[in-house]
1. Out of Asn745, Asn714, report the one residue that is over 26 Å from Val584 (Cα atoms) and open to solvent by 50 Å² or more (accessible area, probe 1.4 Å).
2. If I ask for residues that are over 24 Å from Pro341 (Cα atoms) and either aromatic (Phe, Trp, Tyr) or surrounded by fewer than 20 Cβ atoms within 10 Å (Cβ to Cβ) (or both), which ones from segment 584-602 would you list?
3. If you take the residues in segment 178-212 that are outside any loop (DSSP other than H, G, I, E, B), buried (at least 23 other Cβ atoms within 10 Å of the Cβ) and of a type in the set (A, V, I, L, M), which one is modelled with the lowest pLDDT?
4. Return a yes/no flag: does segment 543-554 have any residue that is surrounded by fewer than 21 Cβ atoms within 10 Å (Cβ to Cβ) and at pLDDT below 95.
5. Just to check your reading of the model, which residue among Phe614, Phe570 is under 30 Å from Glu668 (Cβ atoms), open to solvent by 40 Å² or more (accessible area, probe 1.4 Å) and in a strand (DSSP E or B)?
6. All but one of (1) assigned to a strand (DSSP E or B); (2) open to solvent by 20 Å² or more (accessible area, probe 1.4 Å) hold for Leu78; which doesn't?
Amino acid sequence: MISKGLFSTMIFLFFSLQVFSQESVIKGKIVDGLNNDPIPFANIVIQNTSNGTSADVNGEYILDGIKPGLYNLVVSSLGYESKVIYEVEVTKSKSRILNIELTESTNKLEEVEVKASPFDRKAESPVSVKSIGVNEIQRYPGGNRDISKVIQSLPGVSSTVAFRNDIVIRGGSPNENRFYLDGIEVPVINHFSTQGASGGPIGLINVDFIKDVELYTGAFPANRGNMLSSLLEFSLIDGRNDRLSGRFTLGSSEAGFSLQGPIGNKSTFIVSVRRSYLQLLFKAFGLPFLPTYNDFQFKYKYKTGKRSDLTVLGLGAIDDLKLNLSENETDDQKFLLGSLPENKQWNYTVGARYRKFLDNGVFTLVASRNHLYNQAIKYENNDDSDPDNLTLNYESQESENKLRAEHTVQKSGYKINYGVGYEFAQYRNETFNLLTLPFGNVRLDFESKLNLHKYSFFAQVSKSYFKDRLSLSLGIRGDGMDYTPETSNPFKQLSPRFSASVSITDRLSFNFNTGHYYQLPAYTVLGFADNEGELVNKDNGIGYISSTHVVGGFQYNTSFNAQFSVEGFFKKYDDYPFQLTDSVSLANLGGDFGVVGNRPAAPISEGRAYGVEFFYQQKLFKGFFGIVAYTYVRSEFTDKNGEYRPSSWDNRHLLSLTFGKKFKRDWEIGMRWRVIGGAPYTPFDIELSSQKLVWDQNGVGIPDYDRTNSERLNVSHQMDIRVDKKYFFKKWSLNLYLDIQNVYNQQNQLQPILFPRLDENDNPIVENPDAPVQQQRYSTRFLENEVGSILPTIGVIVEF
């Protein structure tokens, strides 16, 4: 709850501060996006105004006399495609440094019409790509500056109802996504991440570092591999090259600080740290678990020569989840205390990217390392005084060392990208786990070690014809690893892809892509061993998962910074791991905490997902902005009988409405309403789950996979609103915001919780106490499981 005094203080600040009108500056350099050469005399104009300037002979420009606020910029030059840069924020406290890349036009110079397209379209990926700018991320209602929540406004993107950041794309599982920061792969982007999947409750990436984000839900470029559903490409800002600058952020659950500036004449840096106080809030609210998280991020860029640069970046987190044993009064608290383990987790990624710009292209070399440590411990009745009470002791580490070299060249109208990649991965797992499964009790007690050498090659060529009316792109990729003889040959995992785009008019185009993609299962699957340490799934034939995509649709760009598109898609999955002991496809898992895939499996599951998406995006225009996205999706995977069943991500209907308006005096208000169709779920095997020995050991219900996803939740929906007020002072700026999630207090349904009935002493009631203990069973009931409450957040962002 927010105290009345604090709320009154914030309202006073909102209305009482007075700021005099002041002027700001935008400056930077305009360069060729391929070879980084300066573009002399390029024009840069504030959209819908006459306020503009031209670059000098070195491509450098200064645009001054601007009042603080947000502006769209139009950049153009003969021989290059014109470009609109949306929502450039300027303040009085410091000049805005904006370096701009333009793409060379394939038309003859005398035929070029200088007209900016509101939205870029890539020849390699003309469909299934959407972009979000940093201001759209920062002000997103209910997003709490978390990119994983923000992309839920885009078509094809679903999520779980619970407070998690699982990214579910076009009916695929959360493990089918990959993330890159400035071309460096980052496997973990969430705190308390689910090992073997990609989700977690809280985002890890600092929004202050982001310049823009591109989400690919298909049409993946050949230089990016190991994904079946999506690719998130983060472009990060460079540190300032003129002075030190900082930002302090105070939100609902955390405090953060970032600093950036120059180091000498040739290098810049930006660094941030963040610390949560979520555990204090959870303790105050009487929750039975207390999470704590910390993270850091940095980027260093060094100009090694006139036509070369080096970027080094890092990202990491330390997470700790402890049980609050004093909160043990309600049935919900008792269930959580009985089912949740204590968890410690840390991870990091460090990487370097070297670029050498050539006359007609660029050579790129990327090296990186990432490491994840994950530990979970659970005792029966949370009593660690007796070692015999131990039911779970899981400790795992996975690390990857990666190297990628690629060359992009443009010649005679052709754009060609080709390269090779190599990875050395290590996985270590020590597991002790007492389980009850449908066929009986299982004791996992093993140590597993796995070393993998992975390698890849790729090439893609693109060209436009008929004055850019027709664009074609053809790509190929091969991936291999020394896990089994079958996976060692990259030509057996050959991944072709083809894209085409036809401009019907200057604003309307038809776009198409098809491709065959491969992805490795998680290391938890590849490295699972029996109690003798033998890799079970290696002998079971586990290898690459494959998926064939077909996507096509129309895109229409308006004259007022808006885009409308409709796309149909179809995905076919083969060789998906099927967990043999649980009798469930791994494609149905990943939307919960813990570990996914630490079971015997075989590549016998198949799947399919198909649907249609409608999308309207209004970039900032006369103060208005918004997104309307609707998706109809069907997602199905085979069960243990080989029959197609709805997958856990078969939501059918996804609707997201996001609108906002900028007002005078730097006020801004935004609203988001999101509707998600009810997800399927597998009911519990009550007869098995209620057995005394089973419940005492597991503490949760056992799913009945003879009825895989035979039940369905209700439709969920939620509305969030956000109000921002910005103040621009001479040496610093202030942003105050009020964000209210779930404004009408909607209670959304989750799967009901199976729980024993308790007597007056809080002990489970045994139905047949006179029977032998092996036959005794508890009397059970279902607890309502709903999430949703009004969650107001008052935030403060100070920039200097």
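1. Asn745
2. Answer for segment 584-602, where residues must be over 24 Å from Pro341 (Cα atoms) and either aromatic (Phe, Trp, Tyr) or surrounded by fewer than 20 Cβ atoms within 10 Å (Cβ to Cβ) (or both): just Ala602.
3. Looking at the filtered set, the residue picked out is Ile202.
4. No, that holds for no residue.
5. The match here is Phe614.
6. Of (1) assigned to a strand (DSSP E or B); (2) open to solvent by 20 Å² or more (accessible area, probe 1.4 Å), only one is false for Leu78: (1).
Residue-by-condition table, conditions (1) open to solvent by 50 Å² or more (accessible area, probe 1.4 Å); (2) at pLDDT 95 or above; (3) more than 26 Å from Glu104 (Cβ to Cβ):
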position: Lys454; (1), (2), (3): no, yes, yes
position: Gln460; (1), (2), (3): no, yes, no
position: Asp468; (1), (2), (3): no, no, no
position: Ser473; (1), (2), (3): no, yes, no
position: Ile476; (1), (2), (3): yes, yes, no
position: Met481; (1), (2), (3): no, yes, yes
position: Ser488; (1), (2), (3): no, yes, yes
position: Pro496; (1), (2), (3): yes, yes, yes
position: Val502; (1), (2), (3): yes, yes, no
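Yes/no per residue for (1) assigned to a loop (DSSP other than H, G, I, E, B); (2) more than 30 Å from Gly59 (Cα to Cα):
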| residue | (1), (2) |
| --- | --- |
| Asn294 | no, yes |
| Phe298 | no, no |
| Leu315 | no, yes |
| Leu337 | no, yes |
| Phe363 | no, no |
| Asp384 | yes, yes |
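The values are calculated or read from the model by the stated rules, or taken from the named source; none is laboratory data. As the structure is a prediction and not an experimental result, all values here were calculated from the model. Every residue, glycine as well, gets a Cβ built from its backbone with ideal geometry; the counts of neighbours run over all protein chains shown. Calculation scope for accessible area: heavy atoms of the full protein, side chains included, ligands and nucleic acids excluded. Shrake-Rupley method; radii C 1.70, N 1.55, O 1.52, S 1.80 Å.
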